[in-house]
Amino acid sequence: MNIRPEIRTGKSVCPHDCPSACALEVELIDSHTIGRVRGAKDNSYTLGVICEKVARYAERIHHKDRLLYPLKRKGPKGSGEFQQISWDDALSETAEAMLRAETSYGPTSVWPYFYAGTMGYVMRDGINRLRHVKGYSNLGDTFCVALSWTGYLAGTGSVSGVDPREMQTSDLIVIWGGNPVNTQVNVMTHAMMARKMRGAKIACVDIYETGTMQQADVKLLIRPGTDGALACAIMNVLFKEGFADWNYLERYTDAPREFEAHLSSRTPEWASKICDIPVAEIESFARLIGRTRKTYFRIGYGFTRSRNGAVNMHAVSCIPAVTGAWQYEGGGALHSNSGMYGMNKTMIEGLDARKAGIRILDQSRIGPVLLSDPYDLQGGPPVKMLLVQNTNPASVAPDQNKVKAGLAREDLFTCVHEQFMTETARYADIVLPATMFLEHDDIYQGGGHSHLLLGRKLVEPPGECRSNHDVICDLAVGLGADHPGFQMTPLELIDWTLANSRKPSLDVLQRESWVDVMPSFERAHFLSGFGHTDGKFHFKADWHRVRFRSTEKPVGPVHDLPVFPDHCTLIEEATVDYPFRLATSPARRFLNSTFTETPSSLKREGRPTVFVHPEDLRQLGLLDGQKVRIGSARGEVVLHAKAQSGQRRGVLIAESIWPNDAHENGSGINALTGCDQPAPNGGGAFHDNRVWIRAA
């Protein structure tokens, strides 16, 4: 007789690069095995709903291809040929390579490189403690938020906004430039509740017919990089037709009269030509916003991944300031709440050991950095040692051909700490096996909500996997790096961080699993003043002074950015040689290059595909389903064409990121994207590419 084991339920947090940071309930079969993963129903943001990727997490954590033991390269770089070695030998060789680089070229020749493979404070950010203690090169954080946060900060002065649960009290929810059906399913949960409970309308602004747009009541389909023009035309109508709240504007904004005058020529007719959208649609949408006080702008990330992304974000964020929607429950805007937490991560990141004058290397320019471009090296030494955690730049970084060439350098020692043999790991000299989130303790914040959440260790790791924290602390011993954080456990670091951030204690988190730290209504709606020193929302952007952690000074063509919102032409417009515009939008069942190893995600996504308007296919003499080659000035990629009329003519959409090897020529989609630095703080312009397309 089969006896079903007693299945317990453990509480945890989704660690992946998503603002939802969902509270989870995990079936625990035994000390090494999980079953189903569900959303926590008693978390007021998650409300029991999680994405299909994480619901099937057992298939990932128990995957047959997980890395289990340290490996040493025995074949050419990129070949994936390795032999198993001991942890002692792996750590010793890695530390020796770091010391060798430091001795010969100085400490800045070592570059600890990481990103958001986990969003936990301890496991993601602990690598900075080693960086700061040793004086290694800094990392410019540009993949995701450098453009969007900069644009939002230009207006509000704070990366924070209205409680997302207030969407339930809204009458109009505008989802602009994001596709939460694919990327933040909980946004849809709260928006749909508003529709069901109070008849709220959902509007969607995007460059193709996403899953989100399919569920919207109001749909505005525009060309890539033209959001600023649309926002200006909307505000032109708001001012012209008496929908501007002048009492609010005079009290809470910096230059409303000047702004109104600026917008007088940014008419719907003007924007229609730029955005490729009918005048009537712009006017109708503007009037809907103007007549609906409780309009909630849920502003996404995707539309900012363009060379004019910061300007476009600023323009969109201005709309609720014109109408005064911030005053009302269910009104205002939210892009991210990441700036509201105020966490003291000194012990986790070793901020007390940070040294002045250390260069910042832009993570999006890893290709030119590793190829020793003088601009990127800033007069310093070449990078001779690369330590990688939580990211896969050979797949996710722009200008992929340069990234691969840099990683292939024989004089570069690379150590990659990973869960799977990724494209980047194949170039490593040493590969270390990493734990997954259910195999270690950590603490998380929700950029898309207001909870601090405890992620508990619920199962033992397989093989000889070690956590990021353990590896950093082990390397510190071999390097002679001294800091109290290296002697602390993850729970001790969490306890210290909470206590020194004036947040509820670890005991509270262990008992409650999460705590809600949402500020008061007045603060969240900026009724006590916006984040700038004058307390005003700024229509006039000071792009030279809006700083972000990616840079110490402005980069890119900052002098060409408009002071007031406008259509900024600093994008890769189509040309005769490159007549199409390509966006590399996120797929529903992948998350960057994560989940591309799980069979169910691969099955559901099918194969690398590019959406092409049927009329463009006909004009090119191509067929639906035909193998095609797409090229930019940077590289070429092979995909299959799929006829889709849900975008403007001349626009291509490739939902990604597929593994490089899933493409016929081994070049992933980021072989097409560029790593030039958008103004004013850099950033990944992943959706801003001019390309050609032809039969493969």
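The values are calculated or read from the model by the stated rules, or taken from the named source; none is laboratory data. Values in this document were obtained by computation on a predicted structure and should not be read as measured data. With ideal geometry, Cβ positions are generated from the backbone for all residues, glycine too; neighbour counts draw on all protein chains shown. To get the accessible areas, we keep the full protein, side chains included, count just its heavy atoms, and leave off ligands, DNA and RNA. Shrake-Rupley method; radii C 1.70, N 1.55, O 1.52, S 1.80 Å.
Does the range 140-156 contain at least one residue that is of a type in the set (Asp, Glu), modelled with pLDDT of 95 or more and not in a helix (DSSP H, G or I)? No, every residue in the range 140-156 fails to be of a type in the set (Asp, Glu), modelled with pLDDT of 95 or more and not in a helix (DSSP H, G or I). When the criteria are applied in full, TYR136 fails the requirement of being within 30 Å of THR253 (Cα to Cα) and open to solvent by less than 10 Å² (accessible area, probe 1.4 Å). For VAL122, work out the one condition from (1) open to solvent by 20 Å² or more (accessible area, probe 1.4 Å); (2) β-branched (Val, Ile, Thr); (3) touching a residue at least 60 places away in the same chain (Cβ under 8 Å) it doesn't fulfil. It is condition (1) that VAL122 fails.
Taking the range 12-78 as the region of interest, the strands (runs of 3 or more DSSP E) fully inside it that hold 1 or more residues being free of Cβ contacts under 8 Å to residues at least 24 places away in the same chain are 23-30, 33-39.
Checking each residue in the range 388-402 for being in a helix (DSSP H, G or I), in contact with a Ser or Thr (Cβ under 9 Å, 6 or more places away or on another chain) and closer than 14 Å to SER364 by Cβ picks out PRO393, ALA394, SER395, VAL396, GLN400. Of the residues that sit in the range 270-290 and are among the hydrophobic types (A, V, I, L, M, F, W, C) and out of contact with any Ser or Thr (no Cβ under 6 Å at 6 or more places or on another chain), which one is nearest to VAL237 (Cα to Cα)? Across the range 270-290, the extreme among qualifying residues is ALA286. Taking the criterion of being out of contact with any Gly (no Cβ under 8 Å at 6 or more places or on another chain), within 30 Å of GLU512 (Cβ to Cβ), among the hydrophobic types (A, V, I, L, M, F, W, C) and surrounded by 20 or more Cβ atoms within 10 Å (Cβ to Cβ), would at least one residue in the range 411-434 satisfy it? Yes: the range 411-434 contains one or more residues that are out of contact with any Gly (no Cβ under 8 Å at 6 or more places or on another chain), within 30 Å of GLU512 (Cβ to Cβ), among the hydrophobic types (A, V, I, L, M, F, W, C) and surrounded by 20 or more Cβ atoms within 10 Å (Cβ to Cβ). Among the residues here, ARG545 qualifies as in a loop (DSSP other than H, G, I, E, B), charged (D, E, K, R), more than 25 Å from PRO224 (Cα to Cα) and out of contact with any helix residue (DSSP H, G or I) (no Cβ under 7 Å at 6 or more places or on another chain).
Restricting the range 22-74 to residues that are open to solvent by less than 10 Å² (accessible area, probe 1.4 Å) and of a type in the set (Gly, Ala, Ser) leaves a set whose member that is nearest to HIS440 (Cα to Cα) is ALA23. Considering only the range 175-194, I want to know if a residue exists there that is more than 25 Å from LYS53 (Cβ to Cβ), hydroxyl-bearing (Ser, Thr, Tyr) and either open to solvent by 20 Å² or more (accessible area, probe 1.4 Å) or not in a loop (DSSP other than H, G, I, E, B) (or both). No.
Pick out the one residue from ASP624, ASP566 that is acidic (Asp, Glu) and out of contact with any strand residue (DSSP E or B) (no Cβ under 7 Å at 6 or more places or on another chain). I'd like the intermediate steps shown before the answer.
Values: ASP624 fails: out of contact with any strand residue (DSSP E or B) (no Cβ under 7 Å at 6 or more places or on another chain).
The conditions single out ASP566.
Does ARG690 satisfy the condition of being basic (Lys, Arg), free of Cβ contacts under 8 Å to residues at least 12 places away in the same chain, open to solvent by 10 Å² or more (accessible area, probe 1.4 Å) and out of contact with any helix residue (DSSP H, G or I) (no Cβ under 6 Å at 6 or more places or on another chain)? No; evaluated as a whole, the condition is false for this residue. Could you give every pair whose Cβ atoms fall below 6 Å, whose first residue belongs to the range 570-594 and is within 19 Å of THR304 (Cα to Cα), and whose second residue is among the basic types (Lys, Arg), counting only separations of at least 6 or pairs across chains? Matching pairs, first to second residue: LEU570/ARG307; ILE571/ARG307; GLU572/ARG690; ALA574/ARG581; ALA574/ARG690. When TRP111 is evaluated against the numbered criteria (1) touching a residue at least 12 places away in the same chain (Cβ under 8 Å); (2) open to solvent by 10 Å² or more (accessible area, probe 1.4 Å); (3) farther than 30 Å from SER513 by Cβ, which criterion, by number, is the only one it fails? Only one criterion in (1) touching a residue at least 12 places away in the same chain (Cβ under 8 Å); (2) open to solvent by 10 Å² or more (accessible area, probe 1.4 Å); (3) farther than 30 Å from SER513 by Cβ is unmet by TRP111, namely (2). Name the residues in the range 328-345 that are over 24 Å from SER20 (Cβ atoms) and crowded, with 19+ Cβ neighbours inside 10 Å, would you? Hit for the range 328-345 is TYR328, nothing else. Of all the residues in the range 521-531, those that are open to solvent by 40 Å² or more (accessible area, probe 1.4 Å) and under 26 Å from the mean Cα position of the chain (by Cα) number 2.
Among the residues of the range 8-21 satisfying the criterion of being hydroxyl-bearing (Ser, Thr, Tyr) and either open to solvent by less than 50 Å² (accessible area, probe 1.4 Å) or touching a Gly at 6+ places or on another chain (Cβ under 9 Å) (or both), which is modelled with the highest pLDDT?
Result: SER12.
Residues of the range 500-520 that are open to solvent by less than 70 Å² (accessible area, probe 1.4 Å) and either part of a helix (DSSP H, G or I) or touching a Phe, Trp or Tyr at 6+ places or on another chain (Cβ under 6 Å) (or both): LEU506, VAL508, LEU509. Which condition does HIS640 not pass, out of (1) out of contact with any Ser or Thr (no Cβ under 7 Å at 6 or more places or on another chain); (2) surrounded by fewer than 23 Cβ atoms within 10 Å (Cβ to Cβ); (3) farther than 26 Å from LEU220 by Cβ, if it passes all the others? Exception for HIS640: condition (1).
The residues of the range 94-107 that are in contact with a Lys or Arg (Cβ under 7 Å, 6 or more places away or on another chain) and either surrounded by fewer than 23 Cβ atoms within 10 Å (Cβ to Cβ) or in a strand (DSSP E or B) (or both), listed by number, are TYR105, PRO107.
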